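The values are calculated or read from the model by the stated rules, or taken from the named source; none is laboratory data. Just so it is clear, the model here is predicted, and its values are computed rather than measured. Because the Cβ atoms are built from the backbone with ideal geometry, glycine has one as well, and the counts that use them run over all protein chains shown. Remember, those area values only see protein heavy atoms, side chains included, never the ligands or the DNA or RNA. Shrake-Rupley method; radii C 1.70, N 1.55, O 1.52, S 1.80 Å.
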Amino acid sequence: MLRLVRASFPQPTTNFFGLEAMADDSVDHDAVAERLEASVLESPKCKRDFHSSQSSQFKTAEGETAPKKPSFGDRTSLVLPKLWKLLPDNVCNTFPQLDIVPKPILKLMRDAVCIIPQLKESTSSSEEKKLRLEAEQALTSIQAVLDHTWEQLNTGHWRDVPIVHRHVFSIASLIKILCLLYSQAGDEETLLRLALKAADMGLLLGAPLPSPNECLDLTIAASLLSTTLAQVVEQSGSSEQDPILLEDRSTQFILKGLSGSPIKELDCPSIERFCTDHFLPKLPVKIKGCMMHWPASKRWNDIGYLQRVAGARTVPIELGSHYAHTDYSQKLMTIADFIEQHVVGGKLGYLAQHQLFEQVPELRADICEPEYCCLSDDSIQVEEPANEGTDINAWFGPAGTVSPLHYDPKHNLLAQVVGTKRILLFPPEISPSLYPHSDRLLSNTARVDPEKPDYDQFPLFKNIAPPIECRLEAGEMLYIPPRFWHHVRALSTSFSVSFWWK
């Protein structure tokens, strides 16, 4: 199931900043930049991200507002120099397609970058107020850049967005992180959470800069911030100590009136046998005994572990019945909120087909790519740009989450880490009987619901042979060949990992 997360974000039709004319040299760029700053300063997003964190201010005897004496937390003081090293020199002058970026946007970025060294060096008490004002100015400028770029990223289809806008978003996100932390405009935990959210947004919507700017690595920034935040929370004594198991909070989804032929099972087959019996002939199989050495097998059932390692990370969550249903939508939220509201709370929501392990490498260390993924198949043709590696995606949600009947163009190993899923599999040759959607984006998805088939609307489906049925338990993997149709239902709280490769 190949779908683009960003394509589902809101699609504005107009540019509320009015930037379409900004590339004209006749434009008063200073005036436009001031207008941008004023607009963003009053926007709910900017107020939420910065001005609401001004709780550290206090009133002077004369009734005037004065900043609290800056005092970095010990943890933040240690992480700031590491974050500073991630910002390339002259970053606003060297990234590709610079000429496409509106001049007022470049001016705002350069102004913010110029302020950062001053924030870094302003340490004397006489410069406290100046430091706070400069931090606010830098945050205002960079938030204007992020808001404008957000609009560019969400206008039209994601694949058609010029890469330069994603580069701008990455650079601006790192600048925002530094400005937030140097501003000291709130308690340490609040600022770290805001900075981590900025890093995640940069990872979700931005793009790494090519040579010579590889040092701008938001994955590293996010890991540093996440680790620091976990230490601050632990130091405060507010973190959970006793394990809270996902399986103890899980309800069971009951299937009715469905059955299929049992799938073949193998106990940790050799690569040669897997290749000969299943990979080359493209036949599904359930594989046991190959995940016992994964740290995830013990760790991911503990809600407390997931909260500590990734709870503060922002991810896209699917809401509604499934991605092909009319009630489908998406929402950005932290993994901690997702666990509380959906995994434990019972509301239907799905962290589905997300490259979580690129975003959170700490979780990537808990899994191992199966050796079977080393096999290659020159017959596989995919529309996306060539990717020589393995695409690894996370699937996490409560009982009842579903992936509708669909196929994938690549080989797929679905590894079940926590919980149980039921998968129905149909061979490629019966595709006409599954009535695929005519829309190009859903052409790999069937209109038939195998759990509630409408034989009047889809009469050919009534005459097909029974599907292959697989109940996938924790510690087991399912091999799904290319273009093999499959319907996936979580029978309990479930955390799965899929490995796609050619």
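With the cut-off at 30 Å, tell me which of the pairs Lys452/Lys502; Lys282/Lys462; Lys347/Lys452; Lys282/Lys347 have Cα atoms farther apart than that.
Lys452/Lys502; Lys282/Lys347
Would you work out if the stretch 361-502 is rounded, prolate or oblate? Take a ≥ b ≥ c from the square roots of the eigenvalues of the alpha-carbon gyration tensor; rounded if a/c is under 1.5, else prolate when a/b is larger than b/c, oblate otherwise.
Judged from the Cα gyration tensor, the stretch 361-502 comes out oblate (a/c at least 1.5, b/c at or above a/b).
Under a 1.4 angstrom probe, counting protein chains only, how are Lys264, Lys282 ranked by accessible area, largest first?
Lys264, Lys282
In nm, what is the difference between 0.36 nm times the number of residues separating Cys114 and Glu429 and their Cα-Cα distance?
So the chain would gain 107.2 nm between Cys114 and Glu429.
Could you check how much of the accessible area of the stretch 75-235 is carbon and sulfur, as a whole percent, using a 1.4 Å probe?
Working: 3260 of 6160 Å².
Percent of accessible area from carbon and sulfur atoms in the stretch 75-235: 53.
How much accessible surface does Asp160 have with a 1.4 Å probe, in Å² rounded to 10?
Here the accessible area works out near 110 Å².
Rolling a 1.4 angstrom probe over the protein heavy atoms, how many square angstrom per residue are accessible across the stretch 261-501? Spell out each step's value before the answer.
Details: 9960 Å² over 241 residues.
Computed with neighbouring chains in place, this is 41 Å² per residue.
With the crude spin-label approximation of a point 7 Å out along Cα→Cβ, what separation in nm comes out for Asp89 versus Ser211?
1.8 nm
What is the local net charge at Pro427, summed over the other residues whose Cβ is closer than 15 Å to its Cβ (Lys, Arg +1; Asp, Glu -1)?
Around Pro427, the surrounding residues sum to 0.
Between beta-carbons, use under 12 Å as the cut-off and find the net charge around Leu319, counting Lys and Arg +1, Asp and Glu -1.
It works out to a net charge of 0.
Please report how many Lys pairs in the stretch 75-235 have alpha carbons closer than 22 angstrom, counting only residues at least 8 apart along the chain or sitting on separate chains.
Lysine pairs meeting the criterion: 17.
Round to the nearest 0.05 the FRET efficiency obtained for Asp377 and Asp267 when R0 = 25 Å and r is the Cβ-Cβ distance.
So, using R0 = 25 Å, E works out to roughly 0.55.
Note the full-extension length gain between Ser329 and Leu133 as 0.36 nm times their separation in residues minus their Cα-Cα distance, in nm to one decimal.
Result: 66.6 nm gained on full extension.
Given a cut-off of under 8 Å on Cα pairs at least six residues apart, what relative contact order in percent is computed for the stretch 352-463? Please report the intermediate quantities before stating the final value.
On the way: 75 pairs, mean separation 26.3, N = 112.
Across the stretch 352-463, relative contact order equals 23 percent.
Quick one: go through the stretch 458-497 and flag any residue whose amide nitrogen is under 19 Å from the point 7 Å out along the Cα-to-Cβ line of Lys347.
Only 493-494 fall inside the zone, counting backbone N under 19 Å.
Could you tell me the distance between the Cα centroids of the stretch 158-218 and the stretch 328-352, to the nearest Å?
The two parts, judged by their Cα centres, are 24 Å apart.
Can you give me the % of accessible surface on the stretch 261-501 that is carbon or sulfur? Probe 1.4 Å, all protein chains present, nothing else counted.
So the carbon and sulfur contribution to the accessible surface is 51 percent.
So for the stretch 75-235, averaging the separation of alpha carbon pairs under 8 Å that are six or more residues apart and normalising by length, what relative contact order in percent results? The partial results should precede the final answer.
Values: 187 pairs, mean separation 47.8, N = 161.
After rounding, I find 30 percent.
The stretch 261-501: Rg/Rh from Cα coordinates, Kirkwood Rh?
Taking Rg over the Kirkwood Rh, I get 0.95.
Counting heavy atoms of the protein chains only and a 1.4 Å probe, report the per residue accessible area for the stretch 75-235 as a whole number of Å².
Roughly 38 Å² per residue, with all protein chains present.
Sorting Glu362, Glu369 by accessible area (1.4 Å probe), largest first, what list results?
The most accessible residue leads, giving Glu369, Glu362.
Based on the Cβ-Cβ distance of Ser443 and Gln252, what FRET efficiency does E = 1/(1 + (r/R0)^6) give at R0 = 35 Å, to the nearest 0.05?
The calculated FRET efficiency here is 0.55.
For the pair His157/Glu469, report the inter-label distance in nm, with labels modelled 7 Å from Cα in the Cβ direction.
Label-label distance for His157 and Glu469, simple model: 3.9 nm.
Give the ranking of Tyr455, Tyr305 by solvent-accessible surface, highest area first, calculated with a 1.4 Å probe.
Tyr455, Tyr305
So how much slack lies between Glu340 and Ile244, counting 0.36 nm per residue of separation and subtracting their Cα-Cα distance, in nm?
Working: separation 96, 0.36 × 96 = 34.56 nm, distance 1.21 nm.
Length difference between fully extended and current span is 33.4 nm.
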